Structures are given as structure tokens and as C-alpha cells.
Amino acid sequence: MSDNQDSPGALLDTVRELRGLLLDYIAGGPARAPRYKVLRDGLMADAQVNGHVPALVLEHENLNDLWQFMKYKSASKVERQELIRKQFDDLARSLSGAPAVAARDFEAIPVEKLFKGWYRLSQDTLEPQRLLSTARKIAVQVCSSIVDAHYHSGEIRGGNDDLTQVFGMTKDVLFACSTRNDQQLIVTDVVAGAVALLKSFEGIQERITLPALDEQSRLQLARMGVDAVLSAVMSLLSCWYMLQPSSPQS
């Protein structure tokens, strides 16, 4: 009999730790194989789980086997994470005694709202570095809203505010949404263009720190960077809406 049997709190901690270990591993984190075995064995031996061990854990004794399954199950990292999250949700809720909660509404930022923010930023008198920083934050918000809307969850993205990472998640979402060949071709073109614009933005962020530039040149360069990064996420956002069966943007 497991030591956790008389301690629901300890069992819940085990479930949460195991879920976190798998989410981290699937996202490219370290393969903590010994810890996975300990957590898996403890979960499967505990009577409180009552046959509700997540199928991914039940069917895969080690992380390598689980990875081989997940690799062919989905090409998208965020889709793999979502599969893990869903398989653990009911068990974690049951152990915590929390009632089932109604699903939250997650919506992508409307195109019109991004246009308004972009226009306001173009009229702003912020110094060059702050212009670029503000544009980056807007880009993160746009990408984050697409990821959250697709998975109806803020947990996949979590508190991630790294533009490169949330940009990559957004690309995964768009490819996951493109179920037809014609859609896949469109997404491929959109993503390629957005990636090029993002690289241009990153290059401008480096160039703007060069000491040889005067303030006016820095400002012009910053505005080019703003247009590049917001053009990139605008194309992703427009593509997201194009792929939705019906999605009012008001």
C-alpha cells in the first residue's frame, strides 16, 4: 500500500509534480527518468487513484517510450502539452475536491484592436528603445491571445512573455488549424513572411544600440522595427481569423 493513501494532499502533489515533469520534458526540458519512475510507481500503487491513472502514464513505463508515442501523435509541441494537461485535469480536480468549473472564454485580439494600438504607437513620442519594447509587448499579447484562444486555456502558454517562444507556439497553432492542402499552403507562406519580419525586428534591436547613430536615425530605425514586428503578428492574427469557421472580430 502506498504511503500516500492516507494523505490526499501528498497524492495531489505527486500528480501535479508528475504533470509538471511531463510538460517540461515535452517542451524540451531535461529527461528526469528516475523521478518519472518514482512518481509513476507511486501513483499506480495508490488506492485513491482508483484506476484513474492518466493513459499516457499507464501505457508508458519510461520517458523514452512516452516520447516515441507523443512524437508521432502530434508534430506540435503545444498540442502535446495540451494532451498531457487534459489527461491530468480530472484526476487533479478530483483529488483537490474542487468542483468542475465552467470553461473560460479565450479570444484572440481583434484585428481592429491591433490596428488601433499600432496607430497610437506610430503617433507616440516615446524614445526609440521604449518604442521597440512596447511593440514587442504588443506582439507578445497578440501571439498569446491566439494560443490561449486555440486551446481555450492560459496554461499551455502560462506566463511566458518571451516573444520568440510564443511566436513559435502561434506558428504551431496555425499549422494545427490548417486541415486542407490549400490552407497549409497559405499558412506556410504567411509564417515564412512573418518569420522574415521578426528577424528584421531582432536585427533592428541590435543595430539601434550602435554608438555611431544619432538620435533621429535611432528613431527612424525604431519605427521601422515597430512596423516590422507588428506586421509580422498582424499577418499571423489575420491568418488565425481566416482559418476559423466563423469568428466575429468585434
Checking the cross-link filter: which lysines have an alpha carbon closer than 16 Å to that of LYS171, excluding same-chain neighbours under 8 positions apart?
LYS77, LYS199
Zone of THR209's modelled label, taken as backbone nitrogen in the range 120-149 under 13 Å from a point 7 Å along Cα→Cβ
129
Rolling a 1.4 angstrom probe over the protein heavy atoms, how many square angstrom per residue are accessible across the chain?
54
Let's see if you can work this out: charge +1 on each Lys and Arg Cβ, -1 on each Asp and Glu Cβ, no other charges. What is the dipole magnitude of the chain about its Cα centre, in debye to the nearest 20?
420
Report, in deg cm²/dmol and to the nearest 500, the calculated mean residue ellipticity at 222 nm for the chain, where each DSSP H run with n ≥ 4 adds -39500 (n - 2.57) and the sum is divided by the residue count.
-23500 deg cm²/dmol
Which peptide among 194-204, 211-221, 135-145 comes first, and what is the full order, when sorted by highest mean count of other Cβ atoms within 10 Å?
135-145, 194-204, 211-221
Could you identify which residue out of ASN62, ASN160, ASN181 has the top mean-square fluctuation in a GNM of the chain using Cα springs shorter than 10 Å?
ASN181
Taking only Cα atoms, what is the 0 to 90° angle, nearest 10, from helix 33-45's long axis to the longest principal axis of the chain?
50
Using only the alpha-carbon atoms, how far is helix 181-207 inclined from the longest principal axis of the chain? Give it as 0 to 90 degrees, nearest 10.
70
Which whole-number percentage describes the relative contact order of the range 117-213, with Cα contacts under 8 Å and a sequence gap of 6 or more?
22
Pairwise FRET efficiency - TYR241 versus GLN216, Cβ, R0 = 45 Å, nearest 0.05
0.75
Spin-label pair SER133/ASP13, simplified geometry with 7 Å Cα→Cβ offset, distance in nm:
3.9
Note: HIS52 to VAL111 extended length (0.36 nm per residue) minus current alpha-carbon separation gives 17.0 nm
Taking the Cα centre of the chain as the origin and placing charges on Cβ (Lys, Arg +1; Asp, Glu -1), which of LEU213, LEU43, ALA176 is farthest toward the positive end of the dipole?
LEU213
Could you order peptides 112-125, 226-239, 31-44 by the average number of other Cβ atoms within 10 Å of their residues, highest first?
226-239, 31-44, 112-125
Per the 1.4 Å probe, what fraction of the accessible area of the range 34-149, in percent, lies on carbon and sulfur atoms?
52
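The values are calculated or read from the model by the stated rules, or taken from the named source; none is laboratory data. Being a predicted model, the structure only gives us computed values, none of them experimental. With ideal geometry, Cβ positions are generated from the backbone for all residues, glycine too; neighbour counts draw on all protein chains shown. Surface areas here come from the heavy atoms of the whole protein model, side chains and all, with no ligands, DNA or RNA. Shrake-Rupley method; radii C 1.70, N 1.55, O 1.52, S 1.80 Å.
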